[in-house]
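Coordinate-derived values only; no laboratory data. What you see is a predicted model; the values in this text were computed from it and never measured. Positions of Cβ are backbone-derived with ideal geometry, glycine not excepted, and every protein chain shown enters the neighbour counts.
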Amino acid sequence: MKIAAVVAAYNEEERIVAVLDAIKSAKLVDEIVVVSDGSTDATYQIASAYPDVTAIELAVNRGKGGAMRVGAESTDADILLFLDADLIGMDGEKVDAIAMPVVDDTADMAIGIFKSGRRSTDLAQVIAPYISGQRAMRRDVFVSIPNLDNVRSGVETAITKYYRSHNLRVKRVDLFGCTHCMKEEKRGFIKGFLGRLRMYYDIGKIALDGRSFKR
């Protein structure tokens, strides 16, 4: 059973190598795909220079859902393992732990949940674990989810809604010592905070959408 790790990245030149190193050290991953979603920095160049990585550059920013779809369509892997490009504390054992429930067929999707990494991200994922970007799932299920191409920060919520509406098995996997770089750290407080508000707006809009992601 082939597993592809797919990393959708936007302006993550300072952080993506650490994530690729973690994936590279995993035992279960067969392929790594990075989709640079209209990045204006060196994200694509760094990913394309990394050994054994398929790097894809999108000319314009499509949003996370569109970038994930492009990554999924670029591989014939049986299982997709989606990881964020700004993770801190990720390693090969955690990568494998996310994939394992789908590999051994105890779940149709596994969601990685931050634990003991940073108080703010721990709390956010306790309150709303469905927003986590660390997840493994069968490729055939992912590509069947409708209307993801134009979804931005709410894509994980949309995926979770699809799984729930189809009564598919979802398992949580604790990722101890793992967190991610905050928007305020990347962009400065004001721009980062406004970006966070936009993210929560997108998530809320998807959560309240009763139809679009359930077919």
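Here are some notes:
- Going from the residue with the fewest nearby Cβ atoms within 10 Å to the one with the most, Lys115, Lys161, Lys27, Lys2 rank Lys27, Lys2, Lys115, Lys161.
- At most 16 other Cβ within 10 Å, DSSP loop - GluC sites (Glu not before Pro), region 1-102: Glu14
- Label-to-label distance, nm, for residues given as Lys24 and Asp140 (7 Å Cα→Cβ offset): 3.4 nm
- Candidate cross-link partners of Lys161 among the aspartates and glutamates, defined by an alpha-carbon separation under 19 Å and a same-chain spacing of 8 or more, comprise Asp108, Asp140, Asp149, Asp202, Asp209.
- Charge context of Val19, other residues only, Cβ under 13 angstrom, K/R +1, D/E -1: -4
- When Phe142, Phe82 are arranged by Cβ crowding within 10 Å, least crowded first, meaning fewest neighbours, the order is Phe142, Phe82.
- Order of Ile111, Ile23 - criterion: other Cβ atoms within 10 Å of each residue's Cβ, fewest first: Ile23, Ile111
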